[in-house]
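Notes follow once the structure below has been shown.
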Amino acid sequence: MSILDAYKRGARRRRLYLRAIRKRRELECVRDRTQAIKTRDILVVTVLRDEIKRLPFFLKYYRDLGIRHFLMVDNGSTDGSCEYLAEQPDVSLWSTGASYRRARFGVDWVNWLARRYGLGKWILTVDVDEFFIYPFCDTRPIRALTDWLDAAEIRSFGAMMLDMYPKGAMTDVVYQPGQDPLEICSWFDAGNYMISRNWDYASLWIQGGPRARKFFAETPYRAPALNKVPLVKWGRGNVFVSSTHMLLPRGLNLVFDDRGGEKACGCLLHVKFLDAFLEKSQAEVARAEHYRGAAEYRAYADALRDDPDLWCKWSEKYINWRQLEILGLMSKGNWA
């Protein structure tokens, strides 16, 4: 790493940090319950839009893991999501009608909330369709994981995003509010992943899975990135650079070991492919607020008109985290 490269990254970190401070003006506080946050609380930070059907199970899932407070930004929902969240006793809520794209796809808002309320705390940044899986999550609360990370002086924890999908067409089963979406989307690709190195940010870059083979088969290099760093012990000056794929300082990205070692890491079960996904894809194409003018959602909308089946003969049905470790998709490392 050259001195010039280090200087450029430092300058970018300062720019993003100052940008997040400016972007705080776009957030209007709806419910401020942050005084209830305790010193050892782990905070979930989420940006969402029109997710009323998913919210009941999302909140239950993370409450059951041991989350005691949520920092949530509603970006112009019209389906009652904002009103629902305002009634939740463990949610501090902000609302904004500002451009998601011009806030770097919500990352500026996340960086501000983490800086304002999360210094010295563990921050878990997830979307409403992402469910964090870590070693022993079936028997140990998330506090056990962060306590081990603190004892080992580890400040970040990586997770590969694992796309979940149904067997059969997406429209075959209607998702009901409060339902566990994994009851419908219980299958995943056990292989079919491409891994490369991002030397500038000392991170791995992972692509593949059902989205690469079904929606980006002709241009797999354009498939969405699956590497994430969702759990971070937030420090002064920390910033997400590209969604939760990469952070600065870049040492926070050293969460996977591609040299034969066993670093503890988890998975994010990504449950995107429910029955209403075609409608959502078409809406996001019209909004053009996502990356590359919503090119990813345009690929989804084009392919989903035929109501495809993402299942294939190599699909695996999800059982538990131990199955994912056996398949090499996550690891408990030296956490016993």
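Put the Cα centre of the range 214-289 next to the Cα centre of the range 110-149 and the gap is 15 Å. Our summary gives the range 3-326 a relative contact order of 22 percent, counting only alpha carbon pairs under 8 angstrom and 6 or more residues apart.
Note on the chain: GNM, Cα springs under 10 Å; of Glu153, Glu279, Glu325, the largest mean-square fluctuation is that of Glu153.
So if the hydrodynamic radius of the range 272-336 is defined as the Kirkwood radius over C-alpha pairs, what does Stokes-Einstein give as its diffusion coefficient at 4 °C and 1.567 mPa s, in µm² per second? For the chosen part, D equals 89 µm²/s.
Checking the cross-link pairs Lys121/Lys228; Lys228/Lys313; Lys60/Lys214; Lys280/Lys332; Lys214/Lys280 against a 25 Å limit on the alpha carbon distance flags Lys228/Lys313; Lys60/Lys214; Lys280/Lys332 as lying beyond it. Listed values for the range 47-61 are Karplus-derived 3J(HN,Hα) couplings in whole Hz (6.51 cos²θ - 1.76 cosθ + 1.60, θ = phi - 60°), namely 10, 8, 8, 6, 10, 4, 6, 8, 4, x, 6, 3, 5, 4, 4, and x replaces Gly and Pro.
Computed from backbone phi with θ = phi - 60° and the Karplus coefficients 6.51, -1.76 and 1.60, the 3J(HN,Hα) list for the range 218-234 is 8, 9, x, 5, 8, 5, x, 6, 10, 7, 9, 10, x, 10, 9, 7, 6 Hz; x is used for glycine and proline. Proximity of backbone amide H atoms, modeled 1.01 Å from N, is registered between Ser156 and Lys233 at under 5 Å, excluding neighbours fewer than 5 places apart on the same chain.
Distant-in-sequence amide contacts of Tyr318, defined by a placed amide H-H separation under 5 Å and a gap of 5 or more residues or a different chain, comprise Trp187, Phe188.
Here's how it looks for Val126: its modeled amide H is under 5 Å from those of Val45, which are all 5 or more places away or on a different chain. Restricting the calculation to Cα atoms, the chain shows an Rg/Rh of 0.93 when the hydrodynamic-style radius is the Kirkwood one. All other residues whose Cβ lies under 14 angstrom from that of Phe58 are scored, Lys and Arg at +1 and Asp and Glu at -1, for a net of -3. Pair-distance distribution of the range 149-299: all C-alpha pairs, bin width 10 Å, starting at 0; shares per bin in whole percent are 10, 33, 35, 19, 3. Among the trypsin sites (Lys or Arg not before Pro) within the range 189-264, those in coil by DSSP and having at most 10 neighbouring Cβ atoms inside 10 Å are Arg236, Arg259.
3J(HN,Hα) along the range 25-31: 5, 7, 9, 9, 6, 9, 9 Hz, from the Karplus curve 6.51 cos²θ - 1.76 cosθ + 1.60 with θ = phi - 60°, whole Hz, x for Gly and Pro.
State the percent of C-alpha pairs, over all pairs in the range 20-74, separated by a distance greater than 18 angstrom.
42 percent
Note on the range 3-326: antiparallel DSSP beta bridges, both residues inside, total approximately 60 percent of the bridges counted.
Quick note: the coordinates plus some simple rules give every number you see, no bench work behind them. Remember, predicted model here, so these are calculated numbers, not experimental data. All Cβ positions, even for glycine, are placed from backbone atoms using ideal geometry, and neighbour counts span all protein chains on display.
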